[in-house]
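Okay, so here's the structure we're looking at.
The values are calculated or read from the model by the stated rules, or taken from the named source; none is laboratory data. This is a predicted model, so every value here is computed, not measured. Neighbour counts are summed over all protein chains in view; Cβ atoms, including those assigned to glycine, are modelled from backbone coordinates with ideal geometry.
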Amino acid sequence: MVSHSPPSSPLPVTPLSAHGPTGLRRDTPTPGWESGVWVRIQRQRRIHRLGAVLLAAAAAAGGGLLARNRSAPDGPRVGVATRLLGTTRADGSAALPATWHVNFEGAELRIYRNALGVLHRCPGSAACSGEGRRGTLELPVVAAGEYRAVVFAAASPGDGRTLEGDVTAARQRGEAVEMSSPLVAY
C-alpha cells in the first residue's frame, strides 16, 4: 500500500573518515603508491636472483673441485699391510720368536725397531720379494721391541737414523708416507 504522507527528508550522508582522527583512513591511496609497490617487488626479485646466482656459483665451484680431485692423481700410491705369523698374546703383542709378513706398495719399505735405526730395507734386503713398486717381506722377529713398517713414495727420503727423522724429511719434500700399526714383541 502506498502512503499518502509526504516523503521523509533524506539524512545527510557523512563519510567515515570524518568521524575519526584525520589522516588515519583514506578512501583512496596516496598519489604514486604504485611506484612504492614496484620498488618492493623489484627488491624481492633482486634478492631471489642474487641467491640463485650464489647457489649456481657454489655448485660450479664444488663441481670443479670434485672434477679436479678425480682427474689429478696425488702422486705415486703407497700402502702397507701387515700380518703376524705366530702366537699373539691377549694384549695383542707377539711372543718371540715370530714372523711378521709385510705387503707394501711404494718405492721403498723400511722396518724400524723402537723408532731407531732401519732394521730392513726393501728393495735391498734378501728377505724382500716383488717387482716394480710392490713387494713382500717375511721378517723374522727375534728381538724384543716395537716394530713399524714405513713405506715411502720415493727412495731414500732420510738418513735412516730414526723413524721420525725419515718421515719428517719425506713429508717436507711433499712425498707420501704410509706407516703400519706397531708390532710389539717380547
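Quick look at the numbers
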item	result
Within segment 80-103, tally of residues that are at pLDDT 90 or above and either of a type in the set (Ser, Thr, Tyr) or under 28 Å from the mean Cα position of the chain (by Cα) (or both)	5
Only one of 159, 166 that is surrounded by 20 or more Cβ atoms within 10 Å (Cβ to Cβ), under 34 Å from the mean Cα position of the chain (by Cα) and of a type in the set (D, E, K, R)	166
Those residues of segment 117-156 which are more than 34 Å from the chain's Cα centre (by Cα) and assigned to a loop (DSSP other than H, G, I, E, B), in sequence order	117, 123, 124, 125, 126, 127, 142, 143, 144
Any hit, segment 83-93, residues being part of a strand (DSSP E or B), over 16 Å from residue 181 (Cα atoms) and assigned by TED's automatic domain parsing to the domain that holds residue 146	no
